[in-house]
Amino acid sequence: MKYFFLLVFSVSGLLANAQYYQLYFDYGHESAYFVNQATRFTAEATLNNRTKAILDNQNKINDNLNRVVLIKDMVYHYLTEVNEALKDGRQMKYIVRLVDNIVELSNAAINDVKDNPEYAVFTRKAVNISVRRVFTFLATCPML
(Lines give C-alpha, C1' and ligand atoms only; values in the text may rest on other atoms or scores of the structure.)
Protein backbone atom coordinates (compact mmCIF):
# COMPACT_ATOMS: atom_id res chain seq x y z
CA MET A 1 0.00 0.00 0.00
CA LYS A 2 2.91 2.25 0.77
CA TYR A 3 4.10 1.89 -2.86
CA PHE A 4 0.67 2.77 -4.17
CA PHE A 5 0.66 6.12 -2.37
CA LEU A 6 4.16 6.79 -3.53
CA LEU A 7 3.11 6.12 -7.10
CA VAL A 8 0.02 8.35 -6.84
CA PHE A 9 2.06 11.24 -5.41
CA SER A 10 4.71 10.85 -8.11
CA VAL A 11 2.17 10.94 -10.91
CA SER A 12 0.35 13.92 -9.40
CA GLY A 13 3.68 15.75 -9.12
CA LEU A 14 4.40 15.12 -12.77
CA LEU A 15 0.97 16.35 -13.77
CA ALA A 16 1.46 19.51 -11.75
CA ASN A 17 4.59 20.34 -13.76
CA ALA A 18 2.95 19.59 -17.17
CA GLN A 19 2.85 22.32 -19.77
CA TYR A 20 0.02 22.80 -22.15
CA TYR A 21 0.36 23.55 -25.81
CA GLN A 22 -2.12 25.33 -27.98
CA LEU A 23 -3.07 23.46 -31.14
CA TYR A 24 -2.54 25.29 -34.39
CA PHE A 25 -4.17 24.05 -37.60
CA ASP A 26 -2.64 25.05 -40.94
CA TYR A 27 -4.99 24.54 -43.90
CA GLY A 28 -2.18 25.04 -46.44
CA HIS A 29 -0.11 22.32 -44.82
CA GLU A 30 -3.17 20.05 -44.70
CA SER A 31 -3.88 20.49 -48.41
CA ALA A 32 -0.20 19.91 -49.26
CA TYR A 33 -0.27 16.76 -47.12
CA PHE A 34 -3.36 15.40 -48.89
CA VAL A 35 -1.94 16.26 -52.32
CA ASN A 36 1.26 14.45 -51.36
CA GLN A 37 -0.72 11.43 -50.12
CA ALA A 38 -2.78 11.32 -53.33
CA THR A 39 0.38 11.57 -55.46
CA ARG A 40 2.07 8.86 -53.43
CA PHE A 41 -0.93 6.50 -53.66
CA THR A 42 -1.16 7.12 -57.41
CA ALA A 43 2.57 6.46 -57.84
CA GLU A 44 2.31 3.25 -55.77
CA ALA A 45 -0.68 2.07 -57.82
CA THR A 46 1.18 2.85 -61.07
CA LEU A 47 4.26 1.02 -59.78
CA ASN A 48 2.18 -1.99 -58.78
CA ASN A 49 0.45 -2.06 -62.18
CA ARG A 50 3.75 -1.82 -64.06
CA THR A 51 5.36 -4.45 -61.84
CA LYS A 52 2.41 -6.78 -62.50
CA ALA A 53 2.69 -6.13 -66.24
CA ILE A 54 6.43 -6.86 -66.14
CA LEU A 55 5.84 -10.11 -64.24
CA ASP A 56 3.11 -11.13 -66.69
CA ASN A 57 5.40 -10.40 -69.63
CA GLN A 58 8.22 -12.31 -67.96
CA ASN A 59 5.92 -15.31 -67.44
CA LYS A 60 4.87 -15.15 -71.10
CA ILE A 61 8.53 -15.01 -72.16
CA ASN A 62 9.33 -18.02 -69.97
CA ASP A 63 6.39 -19.94 -71.45
CA ASN A 64 7.55 -19.12 -74.98
CA LEU A 65 11.11 -20.12 -74.13
CA ASN A 66 9.84 -23.43 -72.75
CA ARG A 67 7.93 -23.98 -75.99
CA VAL A 68 11.02 -23.18 -78.05
CA VAL A 69 13.11 -25.62 -76.01
CA LEU A 70 10.42 -28.30 -76.38
CA ILE A 71 10.26 -27.76 -80.14
CA LYS A 72 14.06 -27.84 -80.35
CA ASP A 73 14.11 -31.13 -78.46
CA MET A 74 11.40 -32.55 -80.73
CA VAL A 75 13.27 -31.45 -83.87
CA TYR A 76 16.48 -32.94 -82.50
CA HIS A 77 14.67 -36.21 -81.75
CA TYR A 78 13.16 -36.32 -85.25
CA LEU A 79 16.50 -35.48 -86.86
CA THR A 80 18.11 -38.25 -84.83
CA GLU A 81 15.47 -40.67 -86.10
CA VAL A 82 16.05 -39.51 -89.68
CA ASN A 83 19.79 -39.91 -89.21
CA GLU A 84 19.30 -43.45 -87.91
CA ALA A 85 17.01 -44.23 -90.85
CA LEU A 86 19.66 -42.92 -93.26
CA LYS A 87 22.31 -45.03 -91.57
CA ASP A 88 20.04 -48.07 -91.80
CA GLY A 89 19.41 -47.27 -95.46
CA ARG A 90 23.13 -47.04 -96.15
CA GLN A 91 23.67 -50.36 -94.39
CA MET A 92 20.89 -51.96 -96.40
CA LYS A 93 22.40 -50.56 -99.59
CA TYR A 94 25.76 -52.04 -98.58
CA ILE A 95 24.10 -55.39 -97.72
CA VAL A 96 22.33 -55.47 -101.09
CA ARG A 97 25.65 -54.77 -102.83
CA LEU A 98 27.30 -57.60 -100.90
CA VAL A 99 24.48 -60.03 -101.70
CA ASP A 100 24.59 -59.01 -105.38
CA ASN A 101 28.35 -59.49 -105.35
CA ILE A 102 27.98 -62.95 -103.74
CA VAL A 103 25.30 -63.95 -106.28
CA GLU A 104 27.43 -62.61 -109.14
CA LEU A 105 30.51 -64.49 -107.95
CA SER A 106 28.45 -67.66 -107.38
CA ASN A 107 27.09 -67.42 -110.92
CA ALA A 108 30.61 -66.88 -112.24
CA ALA A 109 31.78 -69.95 -110.30
CA ILE A 110 28.93 -72.00 -111.76
CA ASN A 111 29.84 -70.78 -115.26
CA ASP A 112 33.47 -71.75 -114.61
CA VAL A 113 32.30 -75.24 -113.65
CA LYS A 114 30.61 -75.55 -117.04
CA ASP A 115 34.03 -75.20 -118.65
CA ASN A 116 35.89 -77.26 -116.02
CA PRO A 117 33.61 -79.97 -114.59
CA GLU A 118 36.38 -81.31 -112.36
CA TYR A 119 35.81 -78.37 -110.00
CA ALA A 120 32.07 -79.07 -109.66
CA VAL A 121 32.30 -80.65 -106.21
CA PHE A 122 34.23 -77.75 -104.71
CA THR A 123 32.18 -75.09 -106.47
CA ARG A 124 28.86 -76.62 -105.42
CA LYS A 125 30.01 -76.79 -101.79
CA ALA A 126 31.31 -73.18 -101.83
CA VAL A 127 28.14 -71.85 -103.46
CA ASN A 128 25.94 -73.71 -100.94
CA ILE A 129 27.99 -72.32 -98.04
CA SER A 130 27.76 -68.79 -99.47
CA VAL A 131 24.01 -69.02 -100.03
CA ARG A 132 23.45 -70.47 -96.55
CA ARG A 133 25.50 -67.65 -94.98
CA VAL A 134 23.57 -65.02 -96.92
CA PHE A 135 20.19 -66.43 -95.84
CA THR A 136 21.38 -66.81 -92.24
CA PHE A 137 22.58 -63.21 -92.22
CA LEU A 138 19.35 -61.92 -93.76
CA ALA A 139 17.30 -63.91 -91.23
CA THR A 140 19.21 -62.43 -88.27
CA CYS A 141 19.43 -58.87 -89.63
CA PRO A 142 17.42 -56.65 -87.24
CA MET A 143 16.64 -54.02 -89.91
CA LEU A 144 14.59 -56.37 -92.03
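The values are calculated or read from the model by the stated rules, or taken from the named source; none is laboratory data. Only a predicted model underlies this, so the values are computations on that prediction, with no experimental measurement involved. A quick note on method: Cβ atoms are made from the backbone with ideal geometry, for glycine too, and the neighbour counts reach across all protein chains shown.
Here's the yes/no breakdown for (1) aromatic (Phe, Trp, Tyr); (2) under 20 Å from Arg133 (Cβ atoms):
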| site | (1), (2) |
| --- | --- |
| Tyr78 | yes, no |
| Asn83 | no, no |
| Gly89 | no, no |
| Arg97 | no, yes |
| Ile102 | no, yes |
| Leu105 | no, yes |
| Phe122 | yes, yes |
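Checked against the criteria, Lys52 counts as surrounded by 10 or more Cβ atoms within 10 Å (Cβ to Cβ) and either within 26 Å of Val134 (Cα to Cα) or modelled with pLDDT of 85 or more (or both).
Taking segment 73-93, which residues are of a type outside the set (Ser, Thr, Tyr) and farther than 27 Å from Leu138 by Cα? Those that are of a type outside the set (Ser, Thr, Tyr) and farther than 27 Å from Leu138 by Cα: Asp73, Met74, Val75, His77, Leu79.
If we scan segment 25-36, do we find a residue that is more than 47 Å from the chain's Cα centre (by Cα), within 25 Å of Thr136 (Cβ to Cβ) and either in contact (Cβ under 8 Å) with a residue 12 or more places away in the chain or surrounded by fewer than 10 Cβ atoms within 10 Å (Cβ to Cβ) (or both)? The answer is no; no qualifying residue exists. Checking each residue in segment 119-144 for being surrounded by fewer than 11 Cβ atoms within 10 Å (Cβ to Cβ), over 59 Å from the mean Cα position of the chain (by Cα) and modelled with pLDDT under 80 picks out only Val121.
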